[in-house]
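The values are calculated or read from the model by the stated rules, or taken from the named source; none is laboratory data. Given the structure is predicted, the values throughout are model-derived calculations rather than measurements. Every residue, glycine as well, gets a Cβ built from its backbone with ideal geometry; the counts of neighbours run over all protein chains shown. Quick note on the areas: whole protein, heavy atoms, side chains included, nothing else; ligands and nucleic acids left out. Shrake-Rupley method; radii C 1.70, N 1.55, O 1.52, S 1.80 Å.
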Amino acid sequence: MSTAFLHHRPETAPLASRATMEAIRQKFGYVPAAVALMAESPELLSAFTRAGALFERSSLDELEREVLVLTIATRNECHVCVALHTAVLTRMGAPGNLVDALRAGRPLTDPRLEALRTFTVAVLDSAGAVPADRWAAFTAAGFTTRHALDVVLGVGTFTLSTLANRLTGAELDPPLASFAWHPAPAPTPTGRMSHSVGQIDAV
């Protein structure tokens with residue numbers, strides 16, 4: 001992590017960040033390291049928290065939102081976000097095979113959720129110019145144009161956090177240690193992976 005970034009407390013952060021940090025501390029019982037680092041920019045912290053609140057009110061349900069977030073977090077290799085949202089899914093009682101597949105970037109067995117996952121990847125890969133086959137699969141799964149725009153909202157929201165967390169080198173908070181995740185290792189010369197991708201540690 002670059003030493004240029006400071007871990008702020010609500011008492012030491014820029015004034016415009018303090019109320020947001022205190023609200024987050026009340027919610028979680030502590031100030032996550034990612035928030036403490038992001039607080040250096042009150043505008044970034046505010047943009048992320050406000051966009052996150054709007055995303056929670058979107059047309060995607062809670063499980064669909066978490067599918068989108070983990071798809072972005074694994075793609076952007078944000079270990080903090082993967083651990084946090086693994087914890088969220090675990091508290092929700094999501095099936096273990098769903099969580100494992102999302103952490104590994106594998107296809108999902110639920111057709112609707114898989115359509116959402118692949119549509120999200122297509123939005124990212126194509127910078128929004130989603131190919132016709134991905135559109136067809138998305139709408140065939142029952143999603144609408146509003147859902148599609150709310151995917152963009154989710155992509156924007158969690159691109160902010162994943163990139164900020166990687167830039168600042170945000171570390172994993174102790175309460176999330178059992179949900180730790182690491183990106184896939186590089187393939188061996190034989191083309192085989194040395195271990196499974198995104199395996200949940202002690203969940």
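See the values below:
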{"item": "C-alpha center-to-center spacing [region 10-81, region 106-181] in angstrom", "result": "16 Å"}
{"item": "Under Karplus coefficients 6.51, -1.76 and 1.60, residue-wise ³J(HN,Hα) of region 89-97 in Hz, glycine/proline x", "result": "4, 5, 5, 6, x, 5, x, x, 5"}
{"item": "In sequence order, calculated HN-Hα J values of region 171-180 (Karplus, 6.51, -1.76, 1.60; Hz; x Gly/Pro)", "result": "8, 7, 6, x, x, 9, 4, 6, 10, 4"}
{"item": "Cα-based Kirkwood hydrodynamic radius, the chain, one decimal, Å", "result": "17.8 Å"}
{"item": "Phi to ³J(HN,Hα) by Karplus 6.51 cos²θ - 1.76 cosθ + 1.60 over region 43-49, Hz, x for Gly, Pro", "result": "5, 5, 4, 5, 4, 5, 5"}
{"item": "The chain, accessible surface, carbon-and-sulfur percent (1.4 angstrom probe)", "result": "59 percent"}
{"item": "Test item: Cα-centred dipole of region 105-177, Lys/Arg +1 and Asp/Glu -1 on Cβ, debye", "result": "140 debye"}
{"item": "Per residue accessible area of region 10-79, 1.4 Å probe, in Å²", "result": "47 Å²"}
{"item": "Estimated [θ] at 222 nm from DSSP helical runs (n ≥ 4, -39500 (n - 2.57)) normalised by residues in the chain, nearest 500", "result": "-19000 deg cm²/dmol"}
